[in-house]
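Chemist: The structure's right below; bear with me while I get my questions together.
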Amino acid sequence: MASAPDASLADLTLDELRPALAPAIADAAIFDGWNETALEAAALQEGVDPDVAKLAFPGGAMDMIAAWIESVDAEMAAALPPETLAGLKIRERIRSLVQARLDAAAGREEALRRALAIMAMPQNAPRAARLGWSSADAMWRLAGDTATDYNHFTKRAILASIYAATLLVFVDDDSEDKADTRAFLDRRIDGVMRFEKAKAQFLRPSEQRFSVSRFLGRLRYPSS
């Protein structure tokens, strides 16, 4: 028998209900997939009228997955507020933010696997790309990024790629405490940091970069 509606959820608007109900849908999706069966199970578990819950997700599976991602964004922000990240180096901020998202998905690997398969469908790829970009943007903003030039876009594109690749490792990782995923993430972030350092060197003003011709010219014509 269904439980009485939970006042804390029954009073929410549909926009508020989506991320509030999404974690329970993810739990149900482990067994049922991202479908109406999982949605109804989650609604009954949380004391929400299933018909109201259906109204909150008119787009079906992708709406449910997007709401789960939104709930993960909120959980990440709550776990790592700016004052917590302030004392960390940028690579540690990014690593901690990605790890917070993985922690939020821990125990729901099968739901994540199913979600990734749905997002990879051609008809869902554009929205999936926007969701990945939004997650990367949320992480960079929490990390304190204020870039407004082309770096704003390249940073988010690179982080979205790292995050997507890490999720694929995460869902199949049977190592203790997801050690293989952590190692993979660290390698990818280190690679990006090396690239960023090299790029910064390349983009320095020409007078600050090492020049072979200038060096040889000084050897030939030393300054007095």
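Since every read-out is calculated from the coordinates, none of them should be taken as a lab result. Since the model is a prediction, treat every value here as computed from it, not as a measurement. Because the Cβ atoms are built from the backbone with ideal geometry, glycine has one as well, and the counts that use them run over all protein chains shown.
Chemist: From the P(r) of region 7-159, can you give the percent of Cα pairs sitting at distances over 26 Å?
Modeler: Numbers: 3573 of 11628 pairs.
Summing the P(r) of region 7-159 above 26 Å gives 31 percent of all pairs.
Chemist: What is the extension gain from A117 to A164, computed as 0.36 nm multiplied by their sequence separation minus the C-alpha to C-alpha distance, in nm to one decimal?
Modeler: Values: separation 47, 0.36 × 47 = 16.92 nm, distance 1.23 nm.
Between A117 and A164, full extension yields an extra 15.7 nm.
Chemist: Another one. Go through 18-27, 135-144, 53-62 and give me the packing order, highest mean Cβ count within 10 Å leading.
Modeler: Details: 18-27: 22.6, 135-144: 19.9, 53-62: 16.9.
Order by mean packing, descending: 18-27, 135-144, 53-62.
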